[in-house]
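The values are calculated or read from the model by the stated rules, or taken from the named source; none is laboratory data. Note that the structure is predicted; figures quoted are calculated from it, not measured. Cβ placement follows ideal geometry from the backbone for every residue including glycine, while neighbour counts extend to all protein chains displayed. Side chains included, ligands, DNA and RNA excluded: accessible areas come from the protein's heavy atoms. Shrake-Rupley method; radii C 1.70, N 1.55, O 1.52, S 1.80 Å.
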Amino acid sequence: MADPAGLAKRVIANVERAIVGKRQQLILSLVSWLCEGHILLEDVPGVAKTMLARALARSIGCSFKRIQCTPDLLPTDVTGASIFNQKTAEFEFRHGPIFSQVFLADEINRTTPRTQAALLEAMAESRVTVDGTSYRLGPPFLVIATQNPVDHEGTFPLPEAQLDRFLMRFTLGYPTLEEELKMLELLQHSHPIDELQPVVTADEVIACQKAVREIYVDDKVRRYLMQIVHDTRMHEDIGLGGSPRASIALFRTSQAMAALRGRNYVLPDDVKKVASAVLTHRIILRPESRLRKITAAALIDDIVAEIAVPTLEERAAS
């Protein structure tokens, strides 16, 4: 039987052998994967964005590929291309790095929009079309992209349509003094990420993804999360609010958060835990609001705080 909570404990314990102080971000990453979504890690250089993605991939018994995005990267460098075989006098398709179960696109905003768009079909439909032929990507398929939001020289900001394909976007932040001291201790002789071994299999992940969809969501909780998305469309500081896709994303991630907490039903607190990571990149602030230094995360927090939390009867775990 699928056990999302047990899977999460094993993966988190394994990753924390190499990554210090990122428990909440690890939980959000697992929530996204169990929803069959994709992750955008956005933060300044040197805070372990790439290391977190590599550690997560190493903890799962899945194929893993990584590309470093640069301005001269071509779409075929991601998807693959048809190469002429002189022996057979026919074209053969050579698979690109996207044909992996965990795909890491490092510094995605440093590659051109054309190459960024090559990821769109893969992220939305788990398939790639090259020369008119479609190729399925094997489950469980996860894209983890990183980007630096501070240095904009030579970058290509992701368009709204591309941002919307990421189920979650969140930051890592600086470690505390104690966490950084522990990090130095771990790194003294070698990087511990090189010693990480898989602790769960791809089949376990797929089983947990199916189990998450069976998590019960009460009508009151459905209305609660819908009210959050609806209020983003009505807020005076927001020019464009969350779409129906945002509602679906909030619904799915709430189910996964409940599953990781060992419950078979969703509580309003589960919705609160994922609201910011799911919605901040799906809203567009008004220009005058940005001038007043208002952030999307602060607005989502305000909206959630203003909505009355429904009361539910406790359900017995099955």
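Between Lys182 and Arg245, what FRET efficiency comes out of the Förster formula 1/(1 + (r/R0)^6) with R0 = 30 Å and r the beta carbon distance, rounded to 0.05? In this case the efficiency is close to 0.15. For Ser82, the residues whose modelled amide H falls within less than 5 Å of its own, excluding neighbours fewer than 5 places apart on the same chain, are Arg94. A 1.4 Å probe over all protein chains sorts Ile83, Ile206, Ile283 by accessible area into Ile83, Ile206, Ile283, starting with the largest. Taking one quarter of the surface of the C-alpha convex hull of the range 1-43 gives a mean projected area of 3.5 nm². So what does log10 I(q)/I(0) come out to for the range 245-292 at q = 0.15, 0.21, 0.26 Å⁻¹, using the Debye formula with one equal point on every Cα and no solvent? Treating every Cα as an identical point scatterer, log10 I(q)/I(0) equals -0.46, -0.69, -0.88.
How would the range 229-318 be classified by its alpha-carbon gyration tensor: rounded, prolate or oblate, with rounded meaning a/c under 1.5 and the a/b versus b/c comparison settling the rest? Because a/c hits 1.5 or more and a/b exceeds b/c, the range 229-318 counts as prolate.
Near Thr111, the amide H atoms lying under 5 Å from its own belong to Phe156; only residues 5 or more places off or on other chains count, and H is placed 1.01 Å from N.
Based on C-alpha pairs under 8 angstrom that are at least 6 apart in sequence, the chain has a relative contact order of 23 percent. Just list whichever of Lys210/Lys293; Lys9/Lys182; Lys9/Lys210; Lys9/Lys293; Lys22/Lys220; Lys182/Lys273 have alpha carbons separated by over 30 Å in the model shown. Pairs exceeding the cut-off: Lys210/Lys293; Lys9/Lys293; Lys22/Lys220.
With the simple spin-label model, which puts each label point 7 Å out from Cα in the Cβ direction, the Lys87 to Asn148 separation comes to 4.4 nm. With all pairs of different C-alpha atoms in the average, the Kirkwood value for the hydrodynamic radius of the range 163-318 is 18.0 Å. In the context of the full set of protein chains, residues of the chain present 50 Å² of accessible surface per residue (probe radius 1.4 Å, heavy atoms only). Count Lys and Arg as plus one, Asp and Glu as minus one, and take only other residues whose Cβ is under 11 Å from that of Phe170; the net charge is then +1. Using the average count of surrounding beta-carbon atoms within 10 Å as a protection proxy, the listed peptides 163-174, 27-38 rank, highest first, as 27-38, 163-174. As a fraction of the 1.4 Å probe accessible area of the chain, surface on carbon and sulfur atoms comes out at 53 percent.
For the range 1-148, report the translational diffusion coefficient in µm²/s to the nearest whole number, using Stokes-Einstein at 4 °C, 1.567 mPa s, and a Kirkwood Rh over Cα pairs. The diffusion coefficient I find is 79 µm²/s. Can you tell me what share of the DSSP beta bridges in the chain is antiparallel? A percent to the nearest 5 is fine. Close to 40 percent. Here the chain is treated as a sphere whose radius is the Kirkwood value from Cα pairs; by Stokes-Einstein at 37 °C and 0.692 mPa s it diffuses with a coefficient of 158 µm²/s. Expressed in units of 2.2 N^0.38 Å, where N is the residue count, the Cα radius of gyration of the range 76-206 is 1.34.
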